[in-house]
1. Quick check on my filter: what residues within region 68-79 are under 23 Å from H36 (Cβ atoms) and either more than 15 Å from the ligand (Cβ to nearest atom) or of a type in the set (G, A, S) (or both)?
2. Give region 265-279 a look and list any residue that's buried (at least 16 other Cβ atoms within 10 Å of the Cβ) and among the hydrophobic types (A, V, I, L, M, F, W, C), or say none.
3. Does D282 qualify as being assigned to a loop (DSSP other than H, G, I, E, B), in contact (Cβ under 8 Å) with a residue 60 or more places away in the chain and surrounded by 15 or more Cβ atoms within 10 Å (Cβ to Cβ)?
4. Given the residues T46, T65, T42, which is the only one that is more than 10 Å from the ligand (Cβ to nearest atom) and assigned by TED's automatic domain parsing to the domain that holds Q16?
5. Since G161 meets every condition but one in (1) within 24 Å of V281 (Cβ to Cβ); (2) part of a loop (DSSP other than H, G, I, E, B); (3) in contact with an Asp or Glu (Cβ under 7 Å, 6 or more places away or on another chain), which condition does it not meet?
6. Since L78 meets every condition but one in (1) surrounded by fewer than 16 Cβ atoms within 10 Å (Cβ to Cβ); (2) part of a helix (DSSP H, G or I), which condition does it not meet?
7. In this structure, does F45 turn out to be among the hydrophobic types (A, V, I, L, M, F, W, C) and either surrounded by fewer than 21 Cβ atoms within 10 Å (Cβ to Cβ) or modelled with pLDDT under 95 (or both)?
Amino acid sequence: MIRIALVGVGKIALDQHVPALRNNIDFELVAGVSPHHQLADTVNFTSLAELLDTGLKLDAVSICTPPQARFEIARDALQAGLHTMLEKPPAATLNEVGILQTIASESGLALFASWHSREAAGVAPALKWLADRRVTAARITWKEDVRVWHPGQAWIWEAGGFGVFDPGINALSIMTRLMPKQLRLTGAELSFPSNCQAPIAADLNFECDGGARVAMELDFLHGGPPVWDIEIETDAGVLKLEKGGAVLTIDGGEPQVSPDREYPRLYEHFKKIVAERRVCVDVEPLRLVADAFLRGRRKVVEPFVE
Ligand code: NAP
């Protein structure tokens, strides 16, 4: 039984982490840590330092704060001897992740950079189908209404908040799992509202393995139902993942749908990673976002008003 605290009691903690933990007999959710919000049916603290001062018996933390706050909490948790799971993105910069990896491996502690979209039902069968095919082109369309999906989340517009890459990095986490070789960013245009430090839309182009082109369109001002789709053309058929990877269609056949188990699967992995005291970190999706910020052209657009 792993005694775990949730740090950052916001939307994703309440929607997904709490039910996944409470339905997993290998974990006991022993505390919530958040400046202004509390978890029901457990003790709560306003900071990790406050929790650590109490001497409460604890094995692990799962950090669900915005990315800007993640590094210091994770560093302090690891330095206090706690196994650590990170929501996506694992940190606000690549080097923050590298430093956490070093601390964890030097201390023999588990560190898990989770990518929940990789656990979407269609991803594993898509990977299997692609194994003996050659990808010739792909298109990622990730569009949603920020006012519906991220109401009141001012952090998303601050530096380090990722803007439209907050959902867009989920698509990249799937693509980097599915593609046989590393993607290379060949061009990008990022649209920044004049009053924000993070983009509201982006068009990106990548190439992969022998020149396959991958086009990606991200939009935070999309009205109506969200579009979270990836279409991959191969030398032997077309594969489509929809609804963030939950629905898989091959060559226009019957869509394959399975129940959503993204977060239960993440905690099943974390349990194993803790048992093995392993560092399980893949920064590739974060690296591609960093490349877009480094290499992309910037366009200033209308201010964003929620
Ligand atoms: P959110 O609703 O704004 O919640 C974030 C919470 O973090 C807030 O409730 C805030 O607590 C807390 N927090 C901020 N700074 C903190 C600190 N220093 N120590 C402890 N807690 C702190 O955001 P969210 O949607 O849950 O997203 C959080 C992370 O999960 C993001 O990285 C996001 O990419 C990821 N994620 C979100 C979703 C989603 O659907 N929303 C899905 C998958 C992953 P107080 O309110 O108490 O101040």
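The values are calculated or read from the model by the stated rules, or taken from the named source; none is laboratory data. Quick caveat, the model's predicted, so the values are computed rather than measured. Here Cβ is always computed from backbone atoms with ideal geometry, including for glycine, and neighbour counts include all displayed protein chains.
1. Selection gives A69, A74, A77.
2. L266, F270, I273, V274, V279
3. For D282, the condition - assigned to a loop (DSSP other than H, G, I, E, B), in contact (Cβ under 8 Å) with a residue 60 or more places away in the chain and surrounded by 15 or more Cβ atoms within 10 Å (Cβ to Cβ) - is met.
4. T42
5. Tallying (1) within 24 Å of V281 (Cβ to Cβ); (2) part of a loop (DSSP other than H, G, I, E, B); (3) in contact with an Asp or Glu (Cβ under 7 Å, 6 or more places away or on another chain), G161 fails exactly one: (3).
6. (1)
7. yes
To keep it simple, each residue is scored yes or no on (1) farther than 26 Å from D291 by Cβ; (2) in a helix (DSSP H, G or I); (3) small (G, A, S).
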| residue | (1), (2), (3) |
| --- | --- |
| H36 | yes, no, no |
| N44 | yes, no, no |
| L52 | yes, yes, no |
| F71 | no, yes, no |
| L100 | no, yes, no |
